[in-house]
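Take this structure, written in C-alpha cells, and hold onto it; I'll ask about it next.
The values are calculated or read from the model by the stated rules, or taken from the named source; none is laboratory data. This is a predicted model, so every value here is computed, not measured. Here Cβ is always computed from backbone atoms with ideal geometry, including for glycine, and neighbour counts include all displayed protein chains.
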Amino acid sequence: MLRAPSAVESVSPVIDGGPPPGQWWRDAVLYQVYIRSFLDSTGDGVGDLAGVRAGLPYLSKLGVDGIWLSPFYPSPQHDHGYDVTDYCAVDGVYGDLAEFDRLVTDTHRLGMRVVIDIVPNHCSSEHLWFRAALASPPNSSARAMFHFADGRGTDGELPPNNWRAMFGGPAWSRVTEADGSPGQWYLHLFTPEQPDLNWRDPRVGHYFEQVLRFWLDRGVDGFRIDVATGLFRHPELPDSPDPEADERTRDSVNPLAWNQPEVHHVWRDWRAICEAYTSRDGRERLLVGEVSVRTAADQARYVRPDELHQAFFFDLLSAPWNADTFRRTIGEALRDIAGTGSTVTWVLNNHDQVRSVTRYGGEAGVFGATRARAAALLMLALPGAAYIYQGEELGLPEVVDLPDEALTDPIFRRTGSRRYVRDGCRVPLPWSGHASPFGFTEEGSTAQPWLPQPAWFAEHTTDRALLDTSSFWHLYRDALSLRARLPQLGEGDLRWLDSPPEVLAFIRGDGLLCTVNFGEEAVPAPLQGTPLLSSAPCPPGVLPGNTAAWWIDTTGVLGSVGEP
C-alpha cells in the first residue's frame with residue numbers, strides 16, 4: 001500500500017532552539033465550552049459557570065489540557081453573549097465573579113488551563129458607551145468611540161456606504177436624535193444590537209488593555225479573540241467592491257472592513273501584556289485569534305513572534321472529504337503558519353459550524369459518523385494544537401429540524417433563512433437518561449432547555465458513551481492519552497508518504513504512521529499487525545474505507561527515511 005520513496009516530501013519548519021520551556025499551548029488540546037449549553041446547575045434551562053465546574057472531572061477524565069469558555073459577560077443576549085454590556089463582570093444567568101474564581105481554581109487544581117473569550121470588535125447597543133453616544137450630538141466625543149456618519153441622499157436617508165452585515169442586511173442603522181429628528185447612521189458589521197467600536201480612538205484600546213489585566217489578575221491562562229481580523233475600518237468608509245452584496249458576507253470579503261494593517265499593532269500590545277505576566281511567574285498566557293482570511297499565508301501574518309501566539313485554522317471545516325484536498329490544506333498550513341514559529345491550531349467543529357458528523361454525511365448521511373471519527377484521529381495526529389467543541393466527543397450530529405419558533409440565532413431573524421443558522425450545533429448536551437432534559441438541568445426542574453433536545457439524543461448521552469468502549473468518547477480519550485504519552489505526537493515534523501489515490505499517509509517523529517482511507521473500499525494495511533489505534537475495527541491486513549489508524553513502525557523501514 002505505502003512505499004518509502006527516495007524523495008519524501010517533508011513539512012518540518014525550522015525553529016532555532018526549539019520551543020521555549022513552558023509553551024504549553026503549542027501542542028495543547030483545549031475543549032470549547034459553550035456555557036449556556038454545557039450543564040445547568042440552577043434549573044432555569046440555561047447552562048452556567050457552576051455547571052461547567054461540576055463537569056470538570058468529566059473533562060479531566062477525557063484528557064484535555066484546558067477549556068475555552070464562551071462569553072459569560074453581562075449581555076442582553078441578542079447574540080448570546082457576543083453583545084457585551086460590561087467586560088469586567090459575569091452575567092447573573094451564568095453566576096458571578098466568585099463562581100468564576102472557583103471555576104478557575106478548580107480547573108487549575110485538575111491540571112487544566114482556562115482560556116476566556118474576549119469580544120473587542122463590537123459591544124452591545126445597551127453598553128453605557130453606546131447609550132452615551134446616542135444621547136450626544138453628532139461629532140461629539142461620545143460618538144467618536146463608534147462609527148457614526150451622515151447618510152447619503154437628499155436628506156441623509158441612505159446608508160453612508162454599501163457595506164453589508166455578516167448576519168444579513170445593511171451594516172448601518174439610522175438613529176433618532178435627541179430632538180426626535182432622523183439623524184446619523186452607525187456601523188455594525190454583525191447586528192444593529194452590536195455597534196462596532198472605533199479602534200482609532202485611543203480610549204478604546206486603553207480600555208481593553210485594562211480588561212485584559214482584570215482577567216489575568218483573576219488567573220486566566222489566555223484569551224480567545226473574537227473577530228481578530230476586525231477592529232479597524234478604512235478611515236474614509238468608502239464603498240466596498242463586495243462581490244456578495246446580496247448575500248451574507250464573509251469576514252475576508254470586504255477589504256475595507258477587515259484585515260486592516262493597524263490591527264497588528266493591537267496584537268503586539270496585547271502580546272506584550274501577556275509576556276509581562278509570564279515574566280513574573282513563568283506561566284505562559286495565550287492569545288488565540290479567530291482569524292478568518294483567505295489563505296494560510298494571510299493567517300501567518302497574525303502569528304508572527306510578537307503578535308498572537310496562535311490563530312484558529314478553519315480550512316478543514318470547509319474541506320470536502322477528499323484525500324488530495326486534506327493533504328494540500330494541511331501542507332499549506334504547516335508550511336505557512338508553522339513556518340512563523342507558531343504552531344497550527346486545528347479545528348473540526350465549533351459553535352458556528354455544522355457538526356462534522358452531519359457535514360461529512362452527505363445527502364444520504366450514511367458515512368457521517370464513520371468519517372467524523374476518522375477525521376478526529378487525523379486531526380489529533382497533526383503537529384500543533386487542537387480544539388474540541390463540546391459534544392464532538394459524543395459524536396453528536398447537527399440538530400437540523402429545530403422549529404422556526406425555537407430558533408434564536410440573529411442570522412435567522414435578520415435573513416429569514418435557515419441556511420446559516422447556528423442553533424443546530426448549540427443544543428444543550430445530553431448527559432443521562434432517556435428523555436429531555438437528559439440530565440442537562442437539575443432533576444425536578446420545570447424549566448425546559450433553552451433549545452429543545454431531540455429524542456434521539458438518548459443515543460448520545462455521556463453516561464452511555466462512557467460505558468460503551470467503542471463510542472466516540474473512548475476514541476477521543478484513547479487518542480488524547482496516546483498524544484500525551486507518545487513523543488512522536490508532540491512537536492516535530494510531518495513526512496508524507498506516497499499512497500493510493502484515496503489514502504493519506506504520513507510519518508510523525510520516530511516511526512508513528514497515520515493513515516486515512518478516504519475511499520469507501522478497503523485497501524491493504526500499511527503494516528503487519530494491529531494498529532495502535534483506529535477509528536473503526538481493522539481486520540488483519542486491511543484498512544477499511546472511511547477509516548483512520550495509527551501504527552507504530554517497529555521495523556524502522558518507514559521511519560528511517562530521511563528528509564531529501
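With respect to residue 283, is the statement that it is of a type in the set (D, E, K, R) and modelled with pLDDT of 95 or more true?
In short, no.
Check 560, 471 and return the single one that is modelled with pLDDT of 95 or more and small (Gly, Ala, Ser).
471
Which strands (runs of 3 or more DSSP E) does region 456-522 wholly contain that include 2 or more residues that are out of contact with any Lys or Arg (no Cβ under 7 Å at 6 or more places or on another chain), in contact (Cβ under 8 Å) with a residue 40 or more places away in the chain and buried (at least 19 other Cβ atoms within 10 Å of the Cβ)? Quick ask: steps written out before the conclusion?
Details: elements: 494-496, 503-508, 512-517.
Answer list for region 456-522: 503-508, 512-517.
Continuing with the same structure: Can you name the residue in region 436-455 that is in contact (Cβ under 8 Å) with a residue 24 or more places away in the chain and over 20 Å from residue 405 (Cβ atoms) and is also surrounded by the fewest Cβ atoms within 10 Å (Cβ to Cβ) among such residues?
444
When residues of region 160-169 are filtered for being within 15 Å of residue 256 (Cα to Cα) and surrounded by 18 or more Cβ atoms within 10 Å (Cβ to Cβ), how many remain?
Residues in region 160-169 being within 15 Å of residue 256 (Cα to Cα) and surrounded by 18 or more Cβ atoms within 10 Å (Cβ to Cβ): 6 in total.
For residue 25, which of the numbered conditions (1) part of a loop (DSSP other than H, G, I, E, B); (2) under 16 Å from the mean Cα position of the chain (by Cα) fails to hold?
For residue 25, the exception is condition (1).
So that you can scan it fast, the table gives a plain yes or no per residue for (1) surrounded by fewer than 17 Cβ atoms within 10 Å (Cβ to Cβ); (2) more than 30 Å from residue 546 (Cα to Cα); (3) at pLDDT 95 or above:
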| position | (1), (2), (3) |
| --- | --- |
| 250 | yes, yes, no |
| 265 | yes, yes, yes |
| 272 | yes, yes, yes |
| 287 | no, yes, yes |
| 321 | no, no, yes |
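Of all residues in region 389-419 being surrounded by fewer than 20 Cβ atoms within 10 Å (Cβ to Cβ) and touching a Phe, Trp or Tyr at 6+ places or on another chain (Cβ under 8 Å), which is farthest from residue 165 (Cα to Cα)?
That would be 404.
Among (1) small (Gly, Ala, Ser); (2) modelled with pLDDT of 95 or more; (3) under 23 Å from the mean Cα position of the chain (by Cα); (4) not in a loop (DSSP other than H, G, I, E, B), which single condition is residue 228 missing?
(4)
Restricting to region 62-92, and then to whatever is surrounded by fewer than 21 Cβ atoms within 10 Å (Cβ to Cβ) and β-branched (Val, Ile, Thr), can you tell me which residue is farthest from residue 131 (Cα to Cα)?
90
Listed residues 326, 312; which is of a type in the set (Phe, Trp, Tyr), touching a strand residue (DSSP E or B) at 6+ places or on another chain (Cβ under 7 Å), outside any loop (DSSP other than H, G, I, E, B) and more than 27 Å from residue 114 (Cα to Cα)?
326
Test residue 446 against the criterion of being more than 25 Å from the chain's Cα centre (by Cα), modelled with pLDDT of 95 or more and of a type in the set (Val, Ile, Thr), and give yes or no.
On the way: more than 25 Å from the chain's Cα centre (by Cα): yes; modelled with pLDDT of 95 or more: no; of a type in the set (Val, Ile, Thr): yes.
No.
Another question, then. Select from region 526-541 the residues that are modelled with pLDDT under 95 and hydrophobic (A, V, I, L, M, F, W, C) and list them in ascending order.
Answer for region 526-541, where residues must be modelled with pLDDT under 95 and hydrophobic (A, V, I, L, M, F, W, C): just 527.
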